[in-house]
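Trainee: Got a structure here, written out as structure tokens. Questions coming.
Taken together, the values in this text are just the output of simple stated rules run on the coordinates, not laboratory data. Every value quoted in this text rests on a predicted model; they were computed, and no experiment measured them. Positions of Cβ are backbone-derived with ideal geometry, glycine not excepted, and every protein chain shown enters the neighbour counts.
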Amino acid sequence: MVAFGTLRPFGLRPGYAVTHKPKNGSMTQPWAAGELEKHRMFVLKNAWSALTHHIWRTVFMVVVAALVAFASVFGQAVLQANDSATGGTYAAQQATAVIRPKASALARRDGADAAWTKNYLSWNDYSAYATAAQKGGIQFAYSFAESVPVRQSGSMAAIPGSDSSAKPSATGGDLTLRSLYTADAAKSNDLGTFTLVEGKQLAYTGQDKSGVLVSQSLATKNKLKVGSEFTVGDATDTAKNYTFKVLGIYKYTDSAPEGYGSDAKLAKDNRDNVMYSSYYAFGVNGLDTSKAKGWSIPDLNVIFQLSNPADYAKFVKAAKATKIPAALSISSPSLDAYRRGIAPLGALAATMRIVMVAAWAAGGLLLAALVGLAIRRRRGEISTALIIGVSKPRIGWQLAVETLLPTLLGLAIGLLAAGFGSRALGAALAGAAATPAGAALVWRVIGWGACASLVLGFIASLRALLARSSSLFERRGDMVPAAESSPIGHSRSQPATQADSQEMTRTAAQTETNKPNRQGDAA
């Protein structure tokens, strides 16, 4: 039994009689021509009415579509930024190369045994590496740092290490003086990068004989200010002293390497006990010498500056061919720092790959389920609409619009949110990395989202397109009971009686009487 009380979602009004003549044996108008045109113009209005009737389902579809769109744009932005960071941007990085003790060798280091100085490289050693690089056609510049331990005095006391039994005669002193040839040497400092909090930076090209930088902790301990003078003693000659002046006070901007911070065993290994000078001040005080012995031998650390990572790889190959001591290894502080900087971006990219797949899978399933829920109990509406002349494509188009409206709205919201928030969110989650959502990326997601919405809309329209006309008058489990909505007043469980048949005959006869004649139609 057909239920006429459920027609409103398709824009059909109960109580309207069919007032047309069949054309070519089929029903072409559900009611008067004006009403049909009105119906065609209000497909969108009817779809909107159906959506607002199930507002929470509609809102859920919008939210799911928005989240999928946002995850797609932001995820693609992160992947794009990561590809650039590990690809072209990395290939354009200037690379430094240093030859320093391996971690395993440093673990065996005894700072109270001057025999460790046998692991130091001399200028002759570095010249051999430079010559090998030049023969390989590698262009490079260089900078360097030199360090020696110095003894504390009445005007300069070191921050103690954990081993208070260590004697200056064995360690060379409780402080370290390190000279920097250029600012590039400071950037490649193995103890960490630092910044000034007071005073002036070192004059690398000047002739300042006494200016040094001291740490904030050391200055506080000794009540030093910019301009204060102090004295330190030579590592091996107790009769020799050096006088320096505080040019600036610094603090480190990164974490201390293991064993070189507050966990240092020896005071001289605590990086806060390091004083930085220019190479001129170091050399003019006679500390850069090839004749020194014991802890007075300067620890020379040359930093080779190369154009790009490709040249760095060539340099490593050339240096290894010159036989680097087993306790030493080649590394690139600049490339290591760059890789550490983009590590959060790489981790976020790995996460977003999983998030995007999960969003697409879960979002697709949820949207498909919501579409299925929206069309599941519509057989009665579809059947009645077909009986009174609404075409299947028209019904299918309305069902498609009911799907397209929330999904396309969610897509737009997600795209706008990702477009404006992608950069800020990337900066928060990827260590200040830039993750902008470019126009090409947004258009790509728009294409994907539009295709997905059209597919869902087509799936919804199939509910009408595949409806069987031969079964319109069959009883269906998803049709509304006639007792609840049909003018006839019978439920699905009650068979039609003879009185019902007579009533249907009278209704049909009355409808036939209301039809205009053919001549009138032609007119």
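Trainee: What's the FRET efficiency of LYS293 with ALA424 using the Cβ-Cβ distance as r and R₀ = 60 Å, to the nearest 0.05?
Mentor: 0.55
Trainee: If packing is taken as the mean number of other Cβ atoms within 10 Å per residue, what is the order of 285-291, 56-62, 383-389, highest first?
Mentor: Values: 285-291: 13.9, 56-62: 17.0, 383-389: 20.7.
The peptides rank, most packed first, as 383-389, 56-62, 285-291.
Trainee: Projected onto the charge dipole of region 230-328 (+1 at Lys/Arg Cβ, -1 at Asp/Glu Cβ, origin at the Cα centre), which of ALA281, SER262, LEU306 gives the Cα projection farthest towards the positive end?
Mentor: About the Cα centre, the residue reaching furthest to the positive side is LEU306.
Trainee: Continuing with this model, one more query. Mind giving me the nanometre distance, one decimal, between the label points for ALA343 and LYS45, set 7 Å out from Cα along Cα→Cβ?
Mentor: 6.4
Trainee: Positive end of the dipole of region 190-263, charges at C-beta (+1 Lys, Arg; -1 Asp, Glu), about the Cα centre: which of SER228, GLY206, GLN216 has its Cα farthest in that direction?
Mentor: The residue sitting farthest along the positive end of the dipole is SER228.
Trainee: Taking the Cβ of TRP123 as the center, what net charge do the other residues with Cβ under 12 Å away carry, scoring Lys and Arg +1 and Asp and Glu -1?
Mentor: Local charge sum for TRP123: -3.
Trainee: Provide the net charge surrounding GLN139, with neighbours chosen by a C-beta distance below 15 Å and charges set as Lys +1, Arg +1, Asp -1, Glu -1.
Mentor: Cβ neighbours under 15 Å give a net charge of +1.
Trainee: For ALA319, what charge total do you get from the other residues with a beta carbon under 13 Å from its beta carbon, if Lys and Arg give +1 and Asp and Glu give -1? Walk me through the numbers before you get to the answer.
Mentor: On the way: positive: ARG100, LYS135, LYS314, LYS317, LYS320, LYS323; negative: ASP125, ASP311.
Within the 13 Å Cβ shell, the charges total +4.
Trainee: Per 0.36 nm of contour for each residue apart, how much would the distance between ALA321 and LEU409 grow if the chain were fully extended, relative to their Cα-Cα spacing?
Mentor: Gain on stretching ALA321 to LEU409: 25.3 nm.
Trainee: Okay, next question. Among the listed pairs LYS118/LYS320; LYS167/LYS291; LYS102/LYS225; LYS102/LYS251; LYS268/LYS314; LYS223/LYS265, give every one whose C-alpha distance is greater than 28 Å.
Mentor: LYS102/LYS225; LYS268/LYS314
Trainee: Please check which bits of region 147-174 a label hung off ASP110 would reach, taking the label as a point 7 Å along Cα-to-C-beta and the cut-off as backbone N under 18 Å.
Mentor: Under 18 Å, as judged by backbone N against the label point of ASP110, lie 163-173 of region 147-174.
Trainee: For LYS314 and THR52, what is the calculated FRET efficiency with R₀ set at 51 Å and r taken between the beta-carbons, to the nearest 0.05?
Mentor: The value I calculate is 0.15.
Trainee: At 0.36 nm per residue, and after removing the present C-alpha to C-alpha distance, how many nm does the segment from ALA350 to ARG444 gain when stretched out fully?
Mentor: 31.8 nm
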